[in-house]
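The structure appears right after this line, and notes come after that.
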Amino acid sequence: MSAKRIDGKMISQQVRIRVKSEVEKISDRITPGLAAVLVGEDPASRIYVRNKRKKCEEVGIYSEEHPLPESTSEDALLSLIDKLNQDPKIHGILVQLPLPDQIQERRILEAVLPEKDVDGFHYLNVGKLVANEPGFVPCTPLGIIEMLNTLGVEMKGANAVVVGRSNIVGKPAALLLLHRHATVTICHSRTKNLAAVCREADILIAAIGKPQFIKADMVKEGATVIDVGINRLPDGRLVGDVDFEAVQERAGAITPVPGGVGPMTIAMLLSNTLQSAKWTAGLA
Ligand code: BQF
């Protein structure tokens with residue numbers, strides 16, 4: 001069997017078209033606004049922030065960037081967050097991670113007002129996700145669900161295996177799948193018989209951060225494989241956490257890297273920012 005290649009570019013474009021038309025629809029009442037805070041010069045982070053702002057512009061979301069030097073103190077960053085919390089033009093605040101070592105990430109994420117926390121990292125939104133109540137959900141897991149929905153992949157009763165237990169991807173992805181009535185297993189570096197567990201998966205989510213870690217013998221015939229990894233090989237090639245060439249011979253459907261989950265992450269950030277503005281204006 002040769003797998004269907006899941007086109008994240010196309011699915012994310014559908015999401016962005018939907019966001020754009022909703023932004024237009026509410027434009028007489030409110031213009032959604034996103035503030036991006038970037039501390040330091042990490043090249044990948046700069047690309048991500050530029051990418052997010054460009055996509056905001058395309059759908060009519062106002063965006064502003066707040067670049068700060070690598071040496072920024074926690075207090076200086078907290079005072080910027082406080083200013084953005086009070087700014088009525090801003091409905092979403094995105095603090096690009098990772099932050100430099102002198103700054104405690106948790107203190108910053110907790111300083112963002114939960115109602116502007118479009119990344120879904122504040123403890124209040126984490127709690128709401130666990131409780132299956134409306135709140136902001138991290139963009140990458142949300143993008144994965146949007147993809148599965150669009151493709152018509154049945155989640156109810158499916159065996160879903162999430163490899164990786166990060167707070168940003170693995171754990172929230174597992175919760176979202178659980179809430180859609182999948183039977184969810186979370187695997188990680190200490191899991192025994194990882195390959196055997198993965199082989200039971202109808203839906204396999206790879207969010208490990210190890211290049212080409214998931215091999216063909218870890219995948220059930222016909223499974224839907226979602227690759228969250230973005231890894232640079234020594235030869236400069238960009239690859240996911242899945243050995244795409246080999247796994248595509250076994251999977252039913254598989255996301256490529258790049259052009260899979262990545263673009264969905266950005267689209268869901270736009271969607272969350274729109275949602276935030278609608279809540280502010282009493283439109284949702
Ligand atoms: C694509 C991210 C690790 C750590 C912090 C499109 C993005 C990536 C890939 C992107 C990511 C990853 C983002 C593609 C945002 C996703 O075409 O494959 C878009 O911009 N992402 C981030 O902001 O912080 C990260 C990964």
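The values are calculated or read from the model by the stated rules, or taken from the named source; none is laboratory data. Just so it is clear, the structure is predicted and the values come from calculations on it, not from any experiment. Note: ideal-geometry Cβ built from the backbone for every residue, glycine included; neighbour counts use all protein chains shown. In case anyone asks, the SASA skips ligands and DNA or RNA and just uses the protein heavy atoms, side chains included. Shrake-Rupley method; radii C 1.70, N 1.55, O 1.52, S 1.80 Å.
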- Query: Sorted by accessible area (1.4 Å probe), largest first, how do 107, 29 line up?
  - Reply: 29, 107
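Grab the DSSP H runs of the chain that are 4 residues or longer, score each as -39,500 (n - 2.57), total them, divide by all residues and round the 222 nm result to the nearest 500 deg cm²/dmol. Provide the component values of the computation, followed by the final result.
Working: 10 runs with 116 residues, N = 284.
The per-residue figure over the chain is -12500 deg cm²/dmol.
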- Any idea what the alpha-carbon Rg over 2.2 N^0.38 Å comes to for the chain? 1.01
- Message: Please list, by residue number, every one of the trypsin sites (Lys or Arg not before Pro) in segment 180-284 that is coil in DSSP and has at most 14 other beta-carbon atoms within 10 Å.
- Response: 190, 192, 215, 237
- Message: For the full complex of protein chains and a 1.4 angstrom probe, list 166, 63 by accessible area with the highest value first.
- Response: 166, 63
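Determine the per residue accessible area of the chain with all protein chains present and a 1.4 angstrom probe, expressed in square angstrom.
Details: 13380 Å² over 284 residues.
Per-residue accessible area for the chain comes out at 47 Å².
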- Task: Give the cross-link partners of residue 220 among the lysines, using a straight C-alpha distance below 19 Å as the criterion and excluding same-chain residues fewer than 8 apart.
- Result: 4, 156, 192
- Message: With θ taken as phi - 60° and the coefficients 6.51, -1.76 and 1.60, list the Karplus ³J(HN,Hα) couplings across segment 264-272 in order, rounded to whole Hz; mark glycine and proline as x.
- Response: 5, 4, 5, 4, 6, 4, 5, 4, 5
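Nearest 5 is fine: what % of DSSP beta bridges in the chain come out antiparallel, could you say?
Looking only at bridges with both residues in the chain, the antiparallel portion is about 5 percent.
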- Take the alpha carbon atoms of segment 171-282, find their radius of gyration, then divide it by 2.2 N^0.38 Å using N residues; give the quotient. 1.20
- Task: Could you tell me the distance between the Cα centroids of segment 156-198 and segment 1-75, to the nearest Å?
- Result: 27 Å
- Under a 1.4 Å probe, counting only protein heavy atoms, residue 191 has an accessible area in Å², nearest 10, of 40 Å²
- Query: Which pairs break 21 Å Cα to Cα here: 20/83; 55/171; 52/215; 25/89; 9/171; 9/55?
  - Reply: 20/83; 55/171; 52/215; 9/171
- Whether segment 100-208 is rounded, prolate or oblate, judged on the alpha carbon gyration tensor where a/c under 1.5 counts as rounded: oblate
- Would you kindly calculate the translational diffusion coefficient of segment 1-125, applying Stokes-Einstein with the Kirkwood radius from alpha carbon pairs, for 4 °C and a viscosity of 1.567 mPa s, and quote it in µm² s⁻¹ without decimals? 81 µm²/s
- Task: Just grab the label-to-label distance for residue 102 and residue 150, each label 7 Å out from Cα along the Cβ direction, in nm (one decimal).
- Result: 4.2 nm
- Message: Within the chain, what whole-number % of the accessible surface is contributed by carbon and sulfur, with the 1.4 Å probe and all protein chains included in the calculation?
- Response: 52 percent
